[in-house]
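The values are calculated or read from the model by the stated rules, or taken from the named source; none is laboratory data. Just so it is clear, the structure is predicted and the values come from calculations on it, not from any experiment. Cβ placement follows ideal geometry from the backbone for every residue including glycine, while neighbour counts extend to all protein chains displayed. Side chains are part of the model used for accessible areas, which takes the heavy atoms of the whole protein and leaves out ligands, DNA and RNA. Shrake-Rupley method; radii C 1.70, N 1.55, O 1.52, S 1.80 Å.
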Amino acid sequence: MHKMPSLIAGTVLALSSPLIAGETAETPDQRAEALVKRMTREEKIRLVHGHYPNQMKERPDGVPMSAGYVPGIERLGIPAQRMTDASLGVAAAHQPENPATALPSGLALAATFNPQLALEGGRAIGAEARTRGFNVMLAGGANLTREARGGRNFEYAGEDPLLAGVMVGQSVKGIQSNNIVATMKHFAVNAQEGGRDVINVVIDEAALRESDLLAFQKLHEIADPGAIMCAYNKVNGDYACENKALIDIARKDWGWKGWMMSDWGAVYSTVKAVNAGLDQEMGEELDEWVWFGKMLSKAVDSGALQESQLNAMVQRILRSYFAHGVMDNPVKPGVEPDLAVHADIPLKAAEQGIVLLKNEGALPLSAATSSVAVIGGAANLGVYSGGGSSQVKPRGTILLPPPVPAPVFIRAIYLHPSAPLDHIRKQAGKSAVVYHDGREIAEAVEVARKAETVILFASQFTMEGQDAAMELDGNQDELIAAVASANPNTIVVLETGGAVKMPWLDKVKAVVASWYPGGRGGEAIANILYGKTNPSGRLPITFPASEAQLPNPILPGSLLPRGNEIGNTQPEPFDAFYPEGADVGYRWFARTKAQPLFPFGYGLSYTRFEHSDLRFDAAAWTVRFTVRNIGERSGADVAQVYLAPPNGQSRLVGWARAELAAGAKGAYEVTLDPRFAARFDVATKQWVIEPGLYRLRLATSATDSGQSVEVRLPRQTFAVNWKPTDALAVTGKAR
Ligand code: BGC
C-alpha cells in the first residue's frame, strides 16, 4: 500500500479540514441521535422533567436557588441543566442579591428600536449567566401587549409583532452566543396574569398567526432558540403545553428544532402532553403530579406512549445542547462575573429607551436654574423595577414593602440602586436641589412652590402574577395635580411597568417615560433631563386615554370570585375573547377610531428631523428615504415605515434608527418582510398579499400622517415557512 510521508500527510490534513477543536463532522441531530441510543430508560426520563430548586425537598449540593435544575448524566458527559431567569439579567428571584447587570425593562429595550443594543444586552447577560454556571436562560419573553394592564408587560417588547420579534430575537441571539441555550416564551397569548392558570384564550388561527405567533416566528428566525417555554394559559380549549395545534406550528411549519419546555406548573397530563409535543415538564414541584417522571415511563410500558416518542423528546433536548455549544463548551459554575465590562450597556439602553412624551420648553434643564425641587418616587434611593421571576437584584438593591395584595412570591418592591437624585445633583451645577418624598401632599406643595423647577418622580409597581391598573400607585395623580397647580414648571418622570393614564397632563410642562430604567437608570434619567443625552426612545405600546378604549374595557376574568392556589389567586376557569384579533395595540385604536393619549412609535427629541425622498420599489419590497437633522443638537430619529393594506389597518413593516449630528443627513434603505403586511390564509397555509392599492407611510408614529405613497400591489403568496434572506433588513441600513 502506498504510504505518504507523514509530514505531507499532516499538512494535507491541516489544510483540508475545516474542523476546529471540539467539532465533529456530524450534525447536532446525528450527535444527539447517537447519544440517545446509548441511554437507558431511566436516563432518558431523567432529562424530560426538572425541578424548581426553591421547592425541592432535598436540594443537592451545588444546586443554586435559581429557577430550574435538571440533573445530568455523568456517564455520558451530559451536563446538568442549570436554569436561570431571564430576559433582563441573571435574576435572583429567590436569592437576596446578585452580582448581575440589571438591564432596563423589556419595554425600555423595545423603545430603543435599536437591534444592535438588544444584541449587546443579550450577549452581556448571557455571559454573566454562563460565568455563574447557568447553561439555560429562561429569557425571550415576547408576548404582545394585548392587555394594557398585563402585569408582565414590562418584561416583554410591546404590542407590535415586528418590533417584538426583532428586539427579543436579537436578545436571544446575544444570550445564545455564549454557548448556552435561551428560551422564547410564553408560547402563546399569555397576555394577562389574572387567572393565568385557568384562562382559555379564544382566538382564531389567522389572527394568531398574524400577531403573537408572527412575533415568535420572527424571533425564531433571528435567534433559533434552543427551547420554547409553553405558557400557563389555554389556547382555544387546550392548555398551551398540551396544545398540538400550537406546538405543531413552531415545529412543523417553522421548522424549529429545539425542545418544548413547560412553564413552571403548567403541565396537566402525561399522554396528552407528550402526544401534543411537550418535551420537558419543568418546575415539577408546582404540578399536581410529576407527569413526566415514573408516570411517563409507565405510559411507555403500557403502550399508551411509544419508546420512540420518548427518544424523540430526549433527542430534541440534546440536539439543542449540541447546536448551541452546551456540550462542547460546558459551563463551569461558581465564578463571579466581571460586571465592569458590561457597565455601559444598561446606561445606553436606558438612555435610548427613555421616551420624552411632552415638552413645552422645560427640557433640557439648565444648570443655571436657581432651585430644583425633586419630589417623590423614592428618587433619593433608586429606580423601580418589575416584580416576579424576572427580578434582577444587583448588589445594593433597596427593598420597599410589597403592595397589598400581591402574590406570595412578591416579597418586596426592589429599587435598583441608581438614585436619580444623586445624579441630578451632579448635573445641577449651582442650582439648589431639595428633595421631598411626596407622601404628604400639602408639604410637597410647599416645597414645590419655593422652587424654580420641580422634577416629580411618579411610579407604578407591576409584577408577575397580578395585573395592574392603568394608573400610578397610591395618590400620585393627586400629588402631581397639586404640585403642578403650585408650580407650573413641573416635569414628571414616570417609572412604570407600562401605560398609565395622565389626568394631570395639561397641567405639567414635560413628561418623561423612563419605564423601569435598570441598574443605571437614575443616571440615564439625569442625562436626559439635563440634555447630556438627547432623548430618542419611541413608544413600543399605545398609551390609551382610558380603559373604555381597550378591546376589553373590563379585564377578562377580573370580576369572577377568586380561589387561592400556589400563591396565585385564581378564579374559576373562564374564556377570554380578545376582540382585537390580529389588530393588537395601535391597529385596534385605528380600527375603532379611538384617540390614544400617546400613540405607538411616538417620542420627542431635543432636535428636529425631516424625512424626504420616500421611494418604494414594490417589486423588491425596498423602501428608500432620507432623514435630516434640522435642529441644533445631534440626536437619533426612528423613521418608521407603515404599510396599510386595501381593507385593513396600517402596520409597522420596518424602521431605521438614524443617528445624525446637527445638520447632517443620512440616506436609508429598508427591505420589508411582506408577511408583516399580509393576511394568513388558513385553508392554503400561506401568507397572502391581497391585490389592491396599498398606502406606504414614512412617519414618526402610528398616527402621524408623515409622507406617503400609494402603490398597487399584485396578489402574492408566501409559503408558511418562507423567510427573508436577511431577517434584519427590516431595520434599515445606511446607503
Ligand atoms: C414564569 C416563567 C419563569 C419560570 C421560572 C414562571 O412562573 O412564568 O417566566 O421562567 O417561572 O422561574
### Task
For segment 678-701, name all the residues that are within 30 Å of L356 (Cβ to Cβ) and either touching a Cys at 6+ places or on another chain (Cβ under 6 Å) or open to solvent by less than 20 Å² (accessible area, probe 1.4 Å) (or both).
L696, L698, A699, S701
### Query
Residue check: is L219 more than 16 Å from the ligand (Cβ to nearest atom) and either hydroxyl-bearing (S, T, Y) or closer than 26 Å to W655 by Cα (or both)?
no
### Of residues in segment 276-295 being in contact with a Lys or Arg (Cβ under 7 Å, 6 or more places away or on another chain) and either over 19 Å from K234 (Cβ atoms) or outside any helix (DSSP H, G or I) (or both), the one nearest to the ligand (Cβ to nearest atom)
D279
### Query
What residue, among those in segment 410-443 that are modelled with pLDDT under 95 and open to solvent by 70 Å² or more (accessible area, probe 1.4 Å), is farthest from S370 (Cα to Cα)?
R411
### Message
With the requirement that a residue be open to solvent by less than 20 Å² (accessible area, probe 1.4 Å), touching a residue at least 60 places away in the same chain (Cβ under 8 Å) and over 18 Å from L213 (Cα atoms), what does segment 639-653 give you?
### Response
A639, Q640, Y642
### Message
Being out of contact with any strand residue (DSSP E or B) (no Cβ under 6 Å at 6 or more places or on another chain), touching a residue at least 12 places away in the same chain (Cβ under 8 Å) and surrounded by 24 or more Cβ atoms within 10 Å (Cβ to Cβ) is true for just one of A182, A215, A207. Which residue is that?
### Response
A215
### Task
Only residues that are within 16 Å of the ligand (Cβ to nearest atom) and surrounded by fewer than 24 Cβ atoms within 10 Å (Cβ to Cβ): list them for segment 372-388, please.
G388
### Summary
Taking segment 561-582 and keeping residues modelled with pLDDT of 90 or more, crowded, with 21+ Cβ neighbours inside 10 Å and more than 18 Å from A545 (Cβ to Cβ) leaves A576, Y578, A582
## Note on the structure
Selection from segment 332-352 of residues part of a loop (DSSP other than H, G, I, E, B), farther than 16 Å from H416 by Cα and open to solvent by 30 Å² or more (accessible area, probe 1.4 Å) yields K332, P333, G334, V335, E336, D338
### Matching option when the condition is in contact with a strand residue (DSSP E or B) (Cβ under 7 Å, 6 or more places away or on another chain) and part of a strand (DSSP E or B), among I525, I491
I491
### Message
Looking only at segment 28-63, count every residue that is surrounded by fewer than 16 Cβ atoms within 10 Å (Cβ to Cβ) and in a loop (DSSP other than H, G, I, E, B) and tell me the total.
### Response
9
### Message
Would you confirm whether or not segment 236-246 contains a residue that is farther than 18 Å from V730 by Cβ, open to solvent by less than 10 Å² (accessible area, probe 1.4 Å), touching a residue at least 24 places away in the same chain (Cβ under 8 Å) and of a type in the set (G, A, S)?
### Response
yes
### Message
Given the criterion open to solvent by less than 10 Å² (accessible area, probe 1.4 Å) and either more than 16 Å from the ligand (Cβ to nearest atom) or among the aromatic types (F, W, Y) (or both), identify the matching residue among G151, G169, G126.
### Response
G169
### Query
Does at least one position in segment 299-311 carry a residue that is outside any helix (DSSP H, G or I), under 23 Å from V201 (Cβ atoms) and open to solvent by 30 Å² or more (accessible area, probe 1.4 Å)?
no
### Query
Does I541 count as under 30 Å from P417 (Cβ atoms), in contact with a Phe, Trp or Tyr (Cβ under 7 Å, 6 or more places away or on another chain) and open to solvent by less than 10 Å² (accessible area, probe 1.4 Å)?
yes
### Message
Every residue in segment 64-106 that is within 16 Å of the ligand (Cβ to nearest atom) and not in a loop (DSSP other than H, G, I, E, B), please.
### Response
G68, Y69, V70, Q81, R82, M83, T84, N98, G106
### Message
Regarding segment 319-326, can at least one residue be identified that is closer than 28 Å to L35 by Cβ, open to solvent by less than 10 Å² (accessible area, probe 1.4 Å), in a helix (DSSP H, G or I) and in contact (Cβ under 8 Å) with a residue 24 or more places away in the chain?
### Response
yes
### Message
Need the failing condition index for D613 against (1) open to solvent by 20 Å² or more (accessible area, probe 1.4 Å); (2) assigned to a loop (DSSP other than H, G, I, E, B); (3) on the phi > 0 side of the Ramachandran plot, just the number.
### Response
(2)
### Query
Within the group K665, K685, K733, K723, which residue is in contact (Cβ under 8 Å) with a residue 60 or more places away in the chain and more than 26 Å from the chain's Cα centre (by Cα)?
K685
### Task
Output the number of the condition that P407 fails; it satisfies all remaining conditions of (1) of a type outside the set (A, V, I, L, M); (2) away from the ligand (no atom under 16 Å from the Cβ); (3) modelled with pLDDT under 95.
(2)
## Note on the structure
Filtering segment 231-266 down to residues that are within 16 Å of the ligand (Cβ to nearest atom) and over 21 Å from A142 (Cα atoms) yields none
#### Entry: Any hit, segment 267-286, residues being surrounded by fewer than 18 Cβ atoms within 10 Å (Cβ to Cβ) and touching a residue at least 60 places away in the same chain (Cβ under 8 Å)
yes
### Query
Among the strands (runs of 3 or more DSSP E) contained in segment 370-434, which hold 3 or more residues that are without any contact (Cβ under 8 Å) to a residue 24 or more places away in the chain?
398-400
## Note on the structure
So, first residue of a type in the set (S, T, Y) and surrounded by 17 or more Cβ atoms within 10 Å (Cβ to Cβ) in segment 353-369, second residue at pLDDT 95 or above and not in a loop (DSSP other than H, G, I, E, B), Cβ within less than 6 Å, six or more apart or across chains; the pairs are T369/T453
